[in-house]
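Shown next, in structure tokens, is the structure this report addresses.
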Amino acid sequence: MLSRSLSLGLLAFSLMSACNFHKDKTSEDTTGTTPTAEQINFAEVQAKVLGPYCQNCHSQGAGNLGGINLEGYAQVKSLIAIIERVTLVEKSMPRGSPLKGYPAELLTQWIAKGAPETSTP
């Protein structure tokens, strides 16, 4: 149990310290602030949140900084508690500017619905 807590702590630290994402966050996606039921699925989260805000650091092409890869559903689902904490609670990721508007609301609702892979009415 202690080693799992230590591992999760190290993983969280890696998430917070490894990203050097330099995207201009002033061009925040503000198309709607409330996702529809059809938008609460992994493909939409991938397109509107993970792709533009996370995968510049946490993808195969970016070297999986911090040992984190957020390209596939299984990887993201296994890290959902950490993702929620560092992006929505602590607001330490993405580095430099927390998520706002539609991307933050979409991620919040997706996690609240259990992070489904496909849309659920």
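The values are calculated or read from the model by the stated rules, or taken from the named source; none is laboratory data. Computed from a predicted structure; not experimentally measured. Reconstructed Cβ throughout: ideal geometry from the backbone, glycine too, with neighbour counts over all protein chains shown.
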Query raised in the report: Quick check: is even one residue across the stretch 46-58 under 18 Å from Tyr102 (Cα atoms), without any contact (Cβ under 8 Å) to a residue 12 or more places away in the chain and surrounded by fewer than 16 Cβ atoms within 10 Å (Cβ to Cβ)?
Result: yes
Query raised in the report: Would you say Leu65 is buried (at least 17 other Cβ atoms within 10 Å of the Cβ) and not polar (S, T, N, Q)?
Result: yes
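Here's the yes/no breakdown for (1) under 12 Å from the mean Cα position of the chain (by Cα); (2) of a type in the set (Phe, Trp, Tyr):
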site	(1), (2)
Pro52	yes, no
Gly63	no, no
Leu70	yes, no
Tyr73	yes, yes
Leu79	yes, no
Ile82	yes, no
Val86	yes, no
Glu90	no, no
Leu107	yes, no
Report task. Starting from the stretch 59-85, take each residue that is in contact (Cβ under 8 Å) with a residue 24 or more places away in the chain and closer than 24 Å to Gln109 by Cβ and list its partners that are of a type in the set (A, V, I, L, M) and surrounded by fewer than 17 Cβ atoms within 10 Å (Cβ to Cβ), counting only C-beta distances under 7 angstrom and pairs at least six apart or across chains. Result -> Ile82/Leu11
Query raised in the report: Just one of the numbered conditions (1) assigned to a helix (DSSP H, G or I); (2) touching a residue at least 60 places away in the same chain (Cβ under 8 Å); (3) more than 19 Å from Glu44 (Cα to Cα) is not true of Leu106; which one?
Result: (3)
Report task. Using the structure shown, decide if Leu70 is crowded, with 16+ Cβ neighbours inside 10 Å, under 16 Å from Met93 (Cβ atoms) and at pLDDT 90 or above. Result -> yes
